[in-house]
Amino acid sequence: MKNNRIHIAKHIWVNLCRFLLAGLFIFSGFVKAVDPLGTQYKIEDYLSAFGMTDWFPAFFPLLFSVILSTLEFSVGVLLFFGVRKRASTTLAFLMMLVMTPLTLYLAVTNPVSDCGCFGDAWVLTNWQTFWKNVVLLVAAASVFAGRARIIRFVTAQTEWLVSLYTVLYILVFSSYCIRNLPVIDFRPYKIGKSITEGMSIPPGAKPSVFETRFILEKNGERKEFTLENYPDSTWTFIDSRSILKEKGYEPAIHDFSMQELASGNDITDEVLQDSNYTFFLVAHRMEEADDSNIDLINELYDYSKEYGYKFYCLTSSEEKQIDVWRDQTGAEYPFCLMDNITLKTMIRSNPGVILIKNGVILNKWSDNNLPDEYELTGPLDTLELGKQKVENDKRTMQLIFGWYILPLLLVLGLDILIIRRSERKRKNRNKNLINPLTNNKMRKNIVAGNWKMNKTLQEGIALAKELNEALAAEKQNCDVVICTPFIHLASVTPIVDAAKIGVGAENCADKESGAYTGEVSASMVASTGAQYVILGHSERRAYYGETPAILKDKVQLALANGLTPIFCIGEVLEEREANKQNEVVYAQLAGSLFDLSAEDFSKIVLAYEPVWAIGTGKTATAEQAQEIHAYIRSTIVEKYGKEVADNTSILYGGSCKPSNAKELFANPDVDGGLIGGAALSVADFKGIIDAFNA
């Protein structure tokens, strides 16, 4: 009971961790997909802080932004549905393994103000991010180690469709937000927000203290300076950034300042207090701005002049770059200088257009959807363009997730109504596949003999004939199987009564065919007429280094060739004494069998063998045998459901003799035995078989 409680607790823990990771990965990937350019700017901040800007091409930050959002969102969805377990848990663990030490470094050195893991939707400090990642790393490690315990919500037949649709959806969504603007704006310059109110500080509140650092260049060398050590005019201005020196009350907007290029005057208050309309053409870097729609921009400027509206181009570029823009585009509108980060925060487009009135943002347009002459047909107060654009984040979220969830529901409906129903029908048709010898019961009692490396060919034939004769007149209440060395198979199979005795091999190769001297493939075993094969025996694991991965391949090849695997699991003495037997058998099942479909798993016969009781004369008590067999069946219930578990035969294999067979087989979860030494004596073997007749 204690072991069962521990197992249930682990199962609950893994799935709680799985849902925690899924939720945060989906959220993180989604907010990055909503604002790919914001993530791009954050990546550029990282590269600049680490001095790695020149290591990558210009397109890399945006490409990485899209890849990162797609990866996070997709991993989150896969974890939520419990599909692609190996890939999703490995990716989640690797991402947290990389991000946790990275965020520790960021927390200690503070090269950027926040990590940007959740964009502008949820801003965390670097230390908050680090501790959050510590928790997620623990969760990711738990899920990675216990992925076999993850409950699956989608069948293997449709998981590829869920995976593919998720990746395509988030890629299309990211592309839409890049081409247009973020469909949900988490920034302080959201439509409907007052810039003036966003800049205000409550009476008595102490503002944060920032230090502006200027990046200048001279003779190919770049350095950072402050106002205190600002150099002479021989240095060329490259960029600037603000560093938080002392935390205080920080208004949502703290760095909006317009300096008119022509006069050098600060015209911020004048513009924000204007009761008429004002257009901002925002181009944070003129040298990087897209000029493909310059005709529409110039038409918009002409329109603003015609109706008496102000029009300013806001940029952080140097004057020589502004002059180049003027020459290339014929721009006649006035220019104002503003902080680069502020401009990128105002609108995610370079260039983009913002319309304000009384300091309130009424509308925004990306470079790809600027208003044209067909919309600019009169004064703004008579046009829909002049009214504040109505934005409903709740409805937007409903539309976003509707486009994702509704098609997904169709897939899930297909999965539930067709795929799962078909699986149930196949199960009902094939429910006797566990044991091909008889067809009158669901779960069969089986006594299987493992001859190991004993008996010459002649001795083996004689033993098989003797057993065949001993059972000829018997009406047995169990199926009998003898598993012989390879050299006996072709000779023994024809001489036994197939209605009484099944024949199996003691092993098969993990390759189908090829240059593998000394190996015998599953197809070769099947060609002799054998029906069974023992796989994963403790001696094969211990002496020949057979790993769960090797055994997984062997099981699949055996099934593909029509053989019924008798799959062995069990713990050594040290593991039993450490009370780790449940963990051991679970790991052996999960490592080799739990990737099988329910239909394929239903063709497996399990054999629990306490390694400490094989050939030692020691035997697990009937209570010990029942306890571990019940645990094994409970893991099958959790993985494949009660029906499959109830139909799975689980044999006991550890010094089973005629004297103790009846007591062992009386347990409700012990369905027979895998017999070693006693199988070499017809009298002893039959005595064990007769335990089911008593």
Exception for VAL14 within (1) touching a residue at least 60 places away in the same chain (Cβ under 8 Å); (2) open to solvent by 20 Å² or more (accessible area, probe 1.4 Å) falls at (2)
Counting only helices (runs of 4 or more DSSP H) wholly inside the stretch 611-694, the ones holding at least 2 residues that are hydroxyl-bearing (Ser, Thr, Tyr), in contact (Cβ under 8 Å) with a residue 60 or more places away in the chain and open to solvent by less than 20 Å² (accessible area, probe 1.4 Å) are 622-640
(1) more than 18 Å from ASN180 (Cβ to Cβ); (2) open to solvent by 20 Å² or more (accessible area, probe 1.4 Å) all hold for LEU408 apart from (2)
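Inspect the stretch 263-279 for any residue being within 43 Å of the chain's Cα centre (by Cα), under 29 Å from ASP120 (Cα atoms) and not polar (S, T, N, Q) and give the result as yes or no.
No, because not a single residue in the stretch 263-279 is within 43 Å of the chain's Cα centre (by Cα), under 29 Å from ASP120 (Cα atoms) and not polar (S, T, N, Q).
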Restricted to the stretch 474-520 and to residues being closer than 21 Å to ALA560 by Cα and among the aliphatic types (A, V, I, L, M), the residue most open to solvent (accessible area, probe 1.4 Å) is ALA515
Verdict on VAL77 being in contact (Cβ under 8 Å) with a residue 60 or more places away in the chain, surrounded by 20 or more Cβ atoms within 10 Å (Cβ to Cβ), farther than 26 Å from VAL183 by Cα and not polar (S, T, N, Q) | no
Of the listed residues (VAL138, VAL134, VAL98), the one being over 16 Å from the mean Cα position of the chain (by Cα), at pLDDT 90 or above and exposed (fewer than 15 other Cβ atoms within 10 Å of the Cβ) is VAL134
A careful count of residues in the stretch 194-228 that are modelled with pLDDT of 85 or more and acidic (Asp, Glu) gives 4
Per the filter on the stretch 57-95, residues of a type in the set (Ser, Thr, Tyr), within 10 Å of the chain's Cα centre (by Cα) and closer than 24 Å to LEU412 by Cα are SER74, SER88, THR89
Residue hits (the stretch 237-267; in a loop (DSSP other than H, G, I, E, B), open to solvent by 60 Å² or more (accessible area, probe 1.4 Å) and in contact with a helix residue (DSSP H, G or I) (Cβ under 9 Å, 6 or more places away or on another chain)) are ALA252, HIS254
- Message: Just checking, does the stretch 570-584 include any residue being in a loop (DSSP other than H, G, I, E, B), touching a helix residue (DSSP H, G or I) at 6+ places or on another chain (Cβ under 7 Å) and either farther than 28 Å from ARG86 by Cα or not charged (D, E, K, R) (or both)?
- Response: yes
Among (1) in contact with a Phe, Trp or Tyr (Cβ under 8 Å, 6 or more places away or on another chain); (2) over 25 Å from ALA140 (Cβ atoms); (3) of a type outside the set (Lys, Arg), ILE43 falls short only on (2)
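Residue by residue, here is whether (1) in a helix (DSSP H, G or I); (2) hydrophobic (A, V, I, L, M, F, W, C); (3) out of contact with any Lys or Arg (no Cβ under 9 Å at 6 or more places or on another chain) holds:
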| position | (1), (2), (3) |
| --- | --- |
| LYS42 | yes, no, yes |
| GLU72 | yes, no, no |
| LEU79 | yes, yes, no |
| THR89 | yes, no, no |
| MET95 | yes, yes, yes |
| LEU106 | yes, yes, yes |
| VAL112 | no, yes, no |
| CYS115 | no, yes, no |
| TRP131 | yes, yes, yes |
**Prompt:** Hey, any hits in the stretch 268-284 for a residue that's of a type in the set (Asp, Glu), surrounded by 12 or more Cβ atoms within 10 Å (Cβ to Cβ) and more than 19 Å from PRO334 (Cα to Cα)?
**Reply:** no
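Confirm whether ASP415 is modelled with pLDDT of 70 or more, in contact with a helix residue (DSSP H, G or I) (Cβ under 9 Å, 6 or more places away or on another chain) and closer than 30 Å to THR155 by Cα.
Spelling it out, it is not the case that ASP415 is modelled with pLDDT of 70 or more, in contact with a helix residue (DSSP H, G or I) (Cβ under 9 Å, 6 or more places away or on another chain) and closer than 30 Å to THR155 by Cα.
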Going through the stretch 532-549 in order, the residues found to be at pLDDT below 95 and either surrounded by 19 or more Cβ atoms within 10 Å (Cβ to Cβ) or at positive phi (or both) are GLY536, HIS537, SER538, GLU539, ARG541, GLY545, GLU546
Checked against (1) over 16 Å from ARG152 (Cα atoms); (2) at pLDDT 90 or above; (3) not acidic (Asp, Glu), ALA613 satisfies every condition except (2)
Per the filter on the stretch 44-70, residues in a loop (DSSP other than H, G, I, E, B) and under 18 Å from ILE238 (Cα atoms) are PHE50, GLY51, MET52, ALA58
Considering residues that are outside any loop (DSSP other than H, G, I, E, B) and surrounded by 11 or more Cβ atoms within 10 Å (Cβ to Cβ), the number found within the stretch 208-236 is 15
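The values are calculated or read from the model by the stated rules, or taken from the named source; none is laboratory data. These numbers come from a predicted model, not from an experiment. Methodologically, a virtual Cβ is constructed for each residue, glycine included, from the backbone with ideal geometry; neighbour enumeration extends over all protein chains shown. Surface accessibility is based on the protein's heavy atoms, side chains included, excluding ligands, DNA and RNA. Shrake-Rupley method; radii C 1.70, N 1.55, O 1.52, S 1.80 Å.
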